[in-house]
């Protein structure tokens, strides 16, 4: 592998990292809600309204409020 190939691989992995982190956060939230439902034997409805940040190479690029949670309820 030459330097250019390593650079492109680093760039691709760095650009996919925010998407992977967002999916990991979403799955952690779902696991926590499922555990709470099992413990209480009830249905849990959560509205998570917070500002999300997307970053590239560790630098924040976009800040947004995710409305998907409120529309899903």
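No lab work stands behind these numbers, since they all come straight from the coordinates. None of the values given here were measured: they were computed from a predicted structure. With ideal geometry, Cβ positions are generated from the backbone for all residues, glycine too; neighbour counts draw on all protein chains shown.
A few points about this structure:
- Förster-model FRET efficiency, 35 Å R0, residue 30 and residue 5, C-beta, rounded to 0.05: 0.45
- Spin-label model, residue 42/residue 22: points 7 Å from Cα along the beta carbon direction are separated by 3.2 nm.
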